[in-house]
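Novice: I have a structure I would like to understand better, so I am pasting it below and will then ask my questions one at a time.
The values are calculated or read from the model by the stated rules, or taken from the named source; none is laboratory data. Everything numeric in this text was worked out from a predicted model, so none of it was measured. With ideal geometry, Cβ positions are generated from the backbone for all residues, glycine too; neighbour counts draw on all protein chains shown. In case anyone asks, the SASA skips ligands and DNA or RNA and just uses the protein heavy atoms, side chains included. Shrake-Rupley method; radii C 1.70, N 1.55, O 1.52, S 1.80 Å.
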Number of protein chains: 2
Amino acid sequence: MDIGPYSFDEYVHLVKSFHGHAAPGMIIGGIMVDIALNNKPAGELFDALCETANCLPDAVQLLTPCTMGNGWLRIVNLGRFSVTLYEKNGGEGVRVYLDSSTLDAWPAIKEWFFKLKPKKDQDSQALFEQIKDAGAKLCKVRSVHVHPRFMEKRSKGSIAVCPLCGEAYPSKDGEICLGCGDENPYTEFH
Amino acid sequence: MDIGPYSFDEYVHLVKSFHGHAAPGMIIGGIMVDIALNNKPAGELFDALCETANCLPDAVQLLTPCTMGNGWLRIVNLGRFSVTLYEKNGGEGVRVYLDSSTLDAWPAIKEWFFKLKPKKDQDSQALFEQIKDAGAKLCKVRSVHVHPRFMEKRSKGSIAVCPLCGEAYPSKDGEICLGCGDENPYTEFH
């Protein structure tokens, strides 16, 4: 089984290097992104939308041109294990998701996906063998049209200097930057 | 100038491959992450917090073990060009930011950072030369303590099957999944 331009083993190697370990969600995520790439609408320019923040965004970043920092990957955290690749101007896309109704045939995957046992009691070897065996059979593909709000270009607009912290920030955020307002992420600052 | 474990040219090569192009924000971002790595508190286990979604998250993902999909990188979009690496249990951290008060010495960087000219009229060659010349002089470092809400482990809790879409979702989200509720990201679905 190939995943994107990689052999299965090459992909696992890449996952360990980028994500830290060969998480089951990264292997299934890679299979899902591969399916999405093979089914996406014609046209080179596509964005990605992940419905979970777990694992799947890293599979997208490893296998497509879409990253968090270049703005082509969006995470809409709906808690569903699903990825959509869509034409960035028109919104036509393909959504791939893990079809949980198939999992009775793959008990170790079901145990992991539905958290039926604590992680330490799960059979990791069986899990990986079943993922490799099941492959694309775990997934379903749908045609979708994403909402126009996901087709808007991300722009900060004009830049001001915050009178409190002295740092640059988007002037549309108001008289002071969000970090000096209610959203300050720090309890101490030296 | 080295950036993380890479020479400057190696880093630029990596940026082009991952991020798509050698964006100025990726080069300055790499310099900032490098400074943070060299100043972070002792201890191996750290998380990262980016105060912008632009470029900087990709520099973190290329130069540290923290990624979006493994949960060690958080984006708190305050619109400030700043990255914090912090001890993931205690919250002690180091915050590195671009010090805009230095930019009078680097006019091409100032023009880009404050968007003083349309991108097509900016001098891209001068910009890259000034970034390489200025390096760490563009940045300031502060000790911080991050708010406890950024030290909480991300957990979905128990998993249910949505009665509408049939997909798995975190049962804490309610009777139906968020995607079948108000947050549906699709206008068409086949």
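Novice: Take peptide A:105-118, look around each residue's Cβ out to 10 angstrom, count Cβ atoms belonging to other protein chains, and average those counts.
Specialist: 1
Novice: Taking the range A:56-101 on its own, what percent of its Cα-Cα pair distances exceed 18 Å?
Specialist: Above the 18 Å cut-off, the range A:56-101 has 29 percent of its Cα pairs.
Novice: In sequence order, what are the phi-derived ³J(HN,Hα) couplings for the range A:90-95 according to the Karplus relation 6.51 cos²θ - 1.76 cosθ + 1.60 with θ = phi - 60°, rounded to whole Hz, with x for glycine and proline?
Specialist: For the range A:90-95, the Karplus curve yields x, x, 5, x, 10, 10 Hz.
Novice: From Cα pairs below 8 angstrom and at least 6 apart in sequence, can you work out the relative contact order of chain B, rounded to a whole percent?
Specialist: Relative contact order, chain B: 17 percent.
Novice: For the range A:3-68, compute Rh as the Kirkwood radius over C-alpha pairs and then the Stokes-Einstein diffusion coefficient at 25 °C and 0.890 mPa s; write the answer in µm²/s, rounded to an integer.
Specialist: 205
Novice: To the nearest 0.05, how large is the calculated FRET efficiency for A:Glu44 and A:Arg154 if R₀ is 25 Å and r is the Cβ-Cβ distance?
Specialist: 0.80
Novice: Mind checking which chain B residue has its Cβ closest to the axis relating B to A, and how many whole Å off it is?
Specialist: Nearest Cβ to that rotation axis, in whole Å: B:Met68, 3.
Novice: For the range B:2-150, what number results from the quotient of the Cα radius of gyration and 2.2 N^0.38 Å?
Specialist: For the range B:2-150, the normalised Cα radius of gyration is 1.01.
Novice: Would you mind pulling out the separation of the Cα centroids of the range B:90-121 and the range A:102-147, in Å?
Specialist: Distance between centres, Cα-based: 45 Å.
Novice: Counting helices only, and only those DSSP H runs with n ≥ 4, report the 222 nm mean residue ellipticity of the protein assembly as shown as the sum of -39,500 (n - 2.57) divided by its residues, in deg cm²/dmol to the nearest 500.
Specialist: When only DSSP H runs of four or more count, the value is -8500 deg cm²/dmol.
Novice: Need one value for B:80-91: mean number of C-beta atoms belonging to other chains within 10 Å of its residues' C-beta atoms. Let's see the in-between values first.
Specialist: On the way: counts 11, 4, 5, 0, 2, 0, 2, 0, 0, 0, 0, 3.
Other-chain Cβ atoms within 10 Å of each residue's Cβ, averaged: 2.
Novice: So if I take the alpha carbon set of the protein assembly as shown, get Rg, then get Rh from the Kirkwood formula, what is the Rg over Rh ratio? It would help to have the intermediate numbers written out before the result.
Specialist: Working: Rg = 21.3 Å, Rh = 21.9 Å.
Dividing the radius of gyration by the Kirkwood radius yields 0.97.
Novice: Over the whole of B:172-185, what's the average partner chain Cβ count within 10 Å per residue? Rounded to a whole number, please.
Specialist: 3
Novice: Which percent of the accessible heavy-atom area of the range B:82-190 goes to carbon and sulfur, probe 1.4 angstrom?
Specialist: 52
Novice: Here's something else I'd like to know. Provide the per-residue ³J(HN,Hα) series for the range A:116-124, in order, calculated from phi with Karplus coefficients 6.51, -1.76, 1.60 and θ = phi - 60°, each as a whole number of Hz, with x at glycine and proline positions.
Specialist: Calculated HN-Hα couplings, in order: 6, 9, x, 3, 5, 9, 7, 8, 5 Hz.
Novice: For the range B:116-190, what is one quarter of the convex hull surface built on the Cα atoms, given in nm²?
Specialist: 11.5
Novice: Determine ³J(HN,Hα), in whole Hz, for all residues of the range A:5-12 in sequence, where each value follows from phi through the Karplus function 6.51 cos²θ - 1.76 cosθ + 1.60 and θ = phi - 60°; x replaces Gly and Pro.
Specialist: These are the phi-based 3J(HN,Hα) values: x, 10, 5, 4, 5, 4, 5, 4 Hz.
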